[in-house]
1. So, with +1 on the Cβ of K and R and -1 on the Cβ of D and E, and no other charges, what is the size of the charge dipole of region 114-175 about its Cα centre, to the nearest 20 debye?
2. Roughly what % antiparallel, to the nearest 5, for the DSSP beta bridges in the chain?
3. Pop the C-beta distance of Asn132 and Lys196 into the FRET formula with R0 = 35 Å and round what comes out to the nearest 0.05.
4. Amide H to amide H, which residues 5 or more places from Gly85 or on other chains are under 5 Å from it, using H placed in the peptide plane?
5. When the Cα atoms of the chain are enclosed in a convex hull and the volume is divided per residue, what value in Å³ results?
6. Using a 10 Å cut-off on Cβ atoms, rank the peptides 142-151, 30-39, 219-228 from the highest mean neighbour count down.
7. Using modelled amide H (1.01 Å from N, peptide plane; none on Pro or chain starts), what sits under 5 Å from the amide H of Gln240, excluding residues fewer than 5 places away?
8. Using a simple spin-label model with points 7 Å from Cα along the Cα→Cβ vector, what separation in nm is obtained for Tyr37 and Asn51?
Amino acid sequence: MENDMDYLKQSDAVKARFDKIKQREVILEVKGLDKVYKTAKGHTTALKNINFKVHRREFVCVIGPSGCGKSSLIRILAGLESYSGGEALLDNEPIDGPCRQRGMVFQGYTLFPWLTVRKNVMFGLEMNGATNEEAGREVDLWLELVGLEKFTQAYPHELSGGMKQRVAIARALVNQPRILLMDEPFGALDAQTRAKMQSHLLEIWRNIDITILFITHDLDEAIYLADRILVLKAHPGEVQEIIEVSVPRPRNPEQFNSPEFLATKARLEALIHPAEKTEHKDEPDVHIPSRMIRFVNVEDNVE
Ligand SMILES: Nc1ncnc2c1ncn2[C@@H]1O[C@H](COP(=O)(O)OP(=O)(O)OP(=O)(O)O)[C@@H](O)[C@H]1O
Ligand SMILES: [Mg+2]
């Protein structure tokens, strides 16, 4: 489709919104961050000189080809991984270990299978010293917010993928973190559930005081959700560009074909696709041993 729109062009309303965001306090600041993994085979520079700030109640997405250090970055910010240089500050305090100020939601389902939905969400609160009664009240509130009030007594295996991620979001939010760190949280969901979860997350974000850093592979998802998109490149993971998304808020799925949306997507494609061609250069080629091919043939040949 022809689209002459410049992805940098912002309407007055969008511009005013960004001006307002920039006046808000900085919640997260990353300065000259480096991460080098030392392995038996040598060194891998996963992140090199990463710099960015996230303001209060901002929604920032991080996008980039596989292996560009997205998970390393978010794990460092969660305090689950050390860093090799630079600084990572939450509310001006260096991040040096996990704490309740930073809530985390991963791609894989990380609920305790032996606990009910309610107990799963309650777990973190009780660990932080809340009484059973206090914790129960809080938990019920958050489960209602994520639309799971009818499933409080269910076990994780009784839930769909989308519902499990709703529990994971409630579990992260119940501690009232300053920032929610999400690493491809909808990556394992089917397209329809994923779209529903995106709108649901936007609705939650609009209604509570939370700042979100969200990692994704999906360009549409990043544009639909984010105020700004941090585009990383691989080998080593460096910031290519930080894009202010010019699509107005509140967002809705009809905007996927709007000129602003398409212009932003074209820019992301131009930034990401050249890098993707080289992304798997150190990965082994798939090689199917001939023995296995014969084995498959034998299995298929049932007559
Ligand atoms: N624990 C580790 N030890 C050694 N190297 C690692 C480790 N974790 C990640 N790496 C390397 O660091 C680089 C960045 O990995 P990371 O998992 O952060 O990328 P990613 O952008 O999240 O990738 P994906 O999109 O596939 O999830 C890769 O080259 C990876 O091989
Ligand atoms: Mg990852």
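1. Charge dipole of region 114-175: 260 debye, to the nearest 20.
2. Taking every DSSP beta bridge within the chain, about 55 percent pair in antiparallel fashion.
3. Given R0 = 35 Å and the Cβ-Cβ separation, E is 0.60.
4. Asp34
5. Here the figure is 198 Å³ per residue.
6. The packing order, highest mean first, is 219-228, 142-151, 30-39.
7. Counting only residues 5 or more places away or on other chains, the set is Val231, Leu232, Lys233.
8. Each label point is offset 7 Å from its Cα along the Cβ direction, giving 2.7 nm.
Since every read-out is calculated from the coordinates, none of them should be taken as a lab result. All figures in this text were calculated on a predicted structure; none of them were measured in a lab. Ideal geometry is used to build each Cβ from the backbone, glycine not excepted, and the neighbour counts take in all protein chains shown.
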